[in-house]
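Colleague: Below is the structure I would like to discuss, written out as structure tokens.
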Amino acid sequence: MPAQIEYLKKHFGYESFRPLQEEIIHCALSNRDSLVLMPTGGGKSLCFQLPALMSDGLVVVISPLMALMKDQVDALKANGISAAYLNSSLSKPQQEKVIENLRTNKYKLLYLAPERLMYSYKSFIQFLSGLKISLYAVDEAHCISHWGHDFREEYLQLGALKEMFPHIPVMALTASADAITRNDIIEKLQLKDAGIFISSFNRPNIFYFIEAKKNYANHLLNYLHRHKEESGIIYCFTRASTEALAEELRMNGFHAVAYHAGMETKARNEAQEKFQRDEVKIIVATIAFGMGIDKSNVRFVIHTDVPKNMESYYQETGRAGRDGLRSDAILYYSSGDIIKLKRFVEIDDNKQQSEIMLKKLRQMAHFAESSRCRRNYILDYFGESSPEYCGSCDVCLTNYELFDGTVVAQKALSAVARLKEKFGMTMVIDFLRGSDSKRITPDMRGLKTYGAGKDITAEQWQLYFRSLLHKGLLAKDEGTYPVLKLTDKSQDVLRGNVKVELVKHIERKSILEQEERYDAELLQLLKNLRQQIAHRERVPAYIILGDNTLQELATFFPQKVEEIEKISGFGEYKVKKYGKAFSDLIGFYCSEKNIASRIDQKIPKRRRKKNRLDKESSSKMLSLRLLNEGKSVAEIASVRSLAPGTIMSHLTYFIRRGEVSPVKLMEKSKCDFLKEEILKYHPIRLSELKNIVGENYSYDEIRMVMAHLEFLGELQELKTA
């Protein structure tokens, strides 16, 4: 067994690494700098924790998050690993004790805030220089960049690390950073010959749902009643709304607390600690909460207001399901929220930065209003290709019935025209439905289209208008109050020259829970035991054992300590400490129920075959066959009654396998140009590359050339070089 796997199994109880972890650890052990971009819950911490165990020295972890420091140190101690943190939450005697233990080499990891490292830095840096340090790990590294979504002034001082410790490797870690931010991190931290590791942004265990915000309260309460025993975070935009919603939830029988920056520090810390320890199931918070929270069993993240950008949405939803189990991300969306947020994202006296923030806000709106697979949209935003169907978002779990909507489209376009393209969607819908709102003047009521759509609900009209926008039959300007505009295509519809298909009916399939192979009664008993141990040791329950470990126990019924060793999450230390208590409980339960151990049915993780999302389906093969018969993409799409984009995704799959050349689908000159640009800027987000190459090159063409370069191995070399 390789040494890294031995350490992983012994200290953390796992038999295989997540993607890229092994390569990152090898880079650190080879004394090289590195930049690690890995999503929340992707296993960043292990990338510097394992090198700490395998190196003869101390790993210093720099993090802005005091709560995360304590959580990670508690979790390390629960695995029998010596670690400590230094921050303002410790008393002077406690800090002095940590310093003394550092002098005597009692720790493998030390967590510090950046200001603690640099405060009176000459004396503290001089102290560190007397220790044997094997690695500096800079967590939340995007905080050093003005281009990042959470810039922090104190991080800029960390650029001096390489000057003061030129021979000690630095590992910069972040969950979300675009190409500009990544390059800025490397430059400001002065990383040399850095290994660049960009993990997949896909979180397959998170199910994404977007619901209409109008009258959302009942929907929210119904959802929470179905998940009453589970932990979750609900994000609100304002401090007042967090308190109001938390109070309403308590009145409805839920254990909920508010959390926002306006609370006293003691009250805020108490709320967070209760949530961490599962004494409170729901925390209703502003974005002040959650960054770096290492609670693994958050089963849902709900946004009652739209986030300001996709990076924030991705990071916040990523706080769910860090244990790999099924979790939900729900966003209650209203286009009115976008209008409200515009004045909050604009930056005074900085037009360029304001334009960037407004563009990001518009992308968030497009994501929420799109009829495209949510997962596909998110991954595409971060420059990662994926199938167009995930089966785990509201779009993919919905049945759409199409109908000839030409007359409906004509009514909508006519209303926009008769209102002289001066109003947004809400006003136009009110006009079509014959609203008696005071905003609709007597002159408007005299227009022919007034009330022409009163038989259609406002919600259905919103769906129709969004469809018309996506089809390019309407446009929306980007002013403070978005106004609907006609396009060149609109006239063809109004004249009856073009048929328009719209969605007539939507039926959401029932959202099925994952198959429960585990014994639910035993699982609850195991959770009770875990809670008792956590209470005794004064740490959050998930630090003792994760929910995924308890589910394995309740699935395979190990009744001896030696069987417990085969359960994921039980390292050598935890087997000795907790193995007997859990095996005794399971043994007693199985004796009462006459259940035999099923541990022989557990397949070690290292022998499990990787899932392949993109299997050679008959559908892809048919598209390839038609291409080889000489048909164009448009002809294949027509023959198969599929969208051209779907055909392109089929053929891109075969390009990535080396079975089709991109030159078969595009001009060689375009292909050569895209190769040069991709190699020049890689790694870069797909949307950013599209802006660079311009309108003459489509997203599909860029994806094809990227797939070809992946087949040739040129992109992979760049990722790990």
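Colleague: Just one of THR487, THR449, THR480 is more than 30 Å from GLY321 (Cα to Cα) and modelled with pLDDT under 85; which is it?
Modeller: Among THR487, THR449, THR480, only THR480 is more than 30 Å from GLY321 (Cα to Cα) and modelled with pLDDT under 85.
Colleague: Quick check on LYS10: is it farther than 30 Å from THR181 by Cβ, basic (Lys, Arg), modelled with pLDDT of 90 or more and not assigned by TED's automatic domain parsing to the domain that holds VAL575?
Modeller: So LYS10 fails the test.
Colleague: I'd like the full set of residues that are surrounded by 15 or more Cβ atoms within 10 Å (Cβ to Cβ) and in a loop (DSSP other than H, G, I, E, B), limited to the range 263-272.
Modeller: The one that is surrounded by 15 or more Cβ atoms within 10 Å (Cβ to Cβ) and in a loop (DSSP other than H, G, I, E, B): MET263.
Yes or no, residue by residue, for (1) among the aromatic types (Phe, Trp, Tyr); (2) without any contact (Cβ under 8 Å) to a residue 60 or more places away in the chain; (3) in contact with a Lys or Arg (Cβ under 8 Å, 6 or more places away or on another chain):
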residue	(1), (2), (3)
LEU173	no, no, yes
ALA177	no, no, no
ALA212	no, no, no
ASN215	no, yes, no
SER231	no, no, yes
GLU248	no, yes, no
PHE254	yes, yes, yes
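Colleague: Of the residues GLU211, GLU229, GLU187, which is under 17 Å from THR317 (Cβ atoms), surrounded by fewer than 18 Cβ atoms within 10 Å (Cβ to Cβ) and charged (D, E, K, R)?
Modeller: Among GLU211, GLU229, GLU187, only GLU211 is under 17 Å from THR317 (Cβ atoms), surrounded by fewer than 18 Cβ atoms within 10 Å (Cβ to Cβ) and charged (D, E, K, R).
Colleague: When both residues are 6+ apart or on different chains and their Cβ atoms are under 6 Å apart, which pairs have a first residue that lies in the range 485-514 and is loosely packed, with under 15 Cβ neighbours inside 10 Å, and a second that is small (Gly, Ala, Ser) and at pLDDT below 90?
Modeller: What qualifies is LYS485/ALA475.
Colleague: While we're looking at this one, here's another question. Here are the criteria: (1) touching a Ser or Thr at 6+ places or on another chain (Cβ under 9 Å); (2) not in a helix (DSSP H, G or I). Tell me which single one VAL257 does not satisfy.
Modeller: (1)
Colleague: Let me ask another. Quick one: is PHE209 of a type outside the set (Ser, Thr, Tyr), part of a strand (DSSP E or B) and touching a helix residue (DSSP H, G or I) at 6+ places or on another chain (Cβ under 9 Å)?
Modeller: yes
Colleague: Let me ask something additional. Within the range 602-714, which helices (runs of 4 or more DSSP H) (wholly inside it) include 1 or more residues that are at pLDDT below 85, on the phi < 0 side of the Ramachandran plot and in contact with a Lys or Arg (Cβ under 8 Å, 6 or more places away or on another chain)?
Modeller: Here the list reads 618-628, 633-640, 644-656, 686-693, 699-712.
Colleague: Give the residue, chosen from LYS70, LYS44, that is at pLDDT below 85, of a type in the set (Lys, Arg) and either touching a His at 6+ places or on another chain (Cβ under 6 Å) or crowded, with 17+ Cβ neighbours inside 10 Å (or both).
Modeller: Exactly one residue qualifies, and that residue is LYS70.
Colleague: Take the residues in the range 310-329 that are surrounded by fewer than 23 Cβ atoms within 10 Å (Cβ to Cβ) and under 17 Å from SER370 (Cα atoms), then tell me which one is farthest from the chain's Cα centre (by Cα).
Modeller: MET310
Colleague: Considering the range 437-486 alone, what residues qualify as being in a helix (DSSP H, G or I) and farther than 28 Å from PHE403 by Cα?
Modeller: Across the range 437-486, the qualifying residues are PRO442, ASP443, MET444, ARG445.
Colleague: Only residues that are closer than 20 Å to GLN315 by Cβ, aliphatic (A, V, I, L, M) and in a loop (DSSP other than H, G, I, E, B): list them for the range 150-176, please.
Modeller: Scanning the range 150-176 gives a single hit, ALA175.
Colleague: Yes or no: TYR223 within 30 Å of ASN691 (Cβ to Cβ), in contact (Cβ under 8 Å) with a residue 12 or more places away in the chain, surrounded by 15 or more Cβ atoms within 10 Å (Cβ to Cβ) and of a type in the set (Ser, Thr, Tyr)?
Modeller: Here the answer is no, as TYR223 does not meet what is asked.
Colleague: Also: Within the range 369-404, which residues are under 15 Å from the mean Cα position of the chain (by Cα), in a helix (DSSP H, G or I) and touching a residue at least 40 places away in the same chain (Cβ under 8 Å)?
Modeller: If the condition is that a residue be under 15 Å from the mean Cα position of the chain (by Cα), in a helix (DSSP H, G or I) and touching a residue at least 40 places away in the same chain (Cβ under 8 Å), then ARG374, ARG375, ILE378, LEU379, ASP380, TYR381 are the ones that fit.
Colleague: Do you know which residues across the range 75-115 are closer than 27 Å to TYR578 by Cβ, in contact (Cβ under 8 Å) with a residue 24 or more places away in the chain and surrounded by fewer than 19 Cβ atoms within 10 Å (Cβ to Cβ)?
Modeller: Across the range 75-115, the qualifying residues are GLY80, SER82, LYS106.
Colleague: I need a count of the residues in the range 38-58 that are closer than 30 Å to PRO683 by Cβ and touching a Ser or Thr at 6+ places or on another chain (Cβ under 6 Å).
Modeller: 3
Colleague: Here is a further query. So for the range 342-353 (the condition being at pLDDT 80 or above and farther than 27 Å from GLU459 by Cα), does at least one residue qualify?
Modeller: No, every residue in the range 342-353 fails to be at pLDDT 80 or above and farther than 27 Å from GLU459 by Cα.
Conditions (1) among the charged types (D, E, K, R); (2) modelled with pLDDT under 85; (3) closer than 30 Å to ILE356 by Cβ, marked per residue:
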residue: LEU65; (1), (2), (3): no, yes, yes
residue: LYS97; (1), (2), (3): yes, no, no
residue: GLU100; (1), (2), (3): yes, no, no
residue: TYR111; (1), (2), (3): no, no, no
residue: TYR119; (1), (2), (3): no, yes, no
residue: PHE124; (1), (2), (3): no, yes, no
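Colleague: Could you list all residues from the range 410-436 that are outside any loop (DSSP other than H, G, I, E, B) and without any contact (Cβ under 8 Å) to a residue 40 or more places away in the chain?
Modeller: ALA415, ARG418, MET427, ILE429, ASP430, PHE431, LEU432
The values are calculated or read from the model by the stated rules, or taken from the named source; none is laboratory data. All figures in this text were calculated on a predicted structure; none of them were measured in a lab. We place every Cβ from the backbone using ideal geometry, glycine too, and count neighbours over all the protein chains shown.
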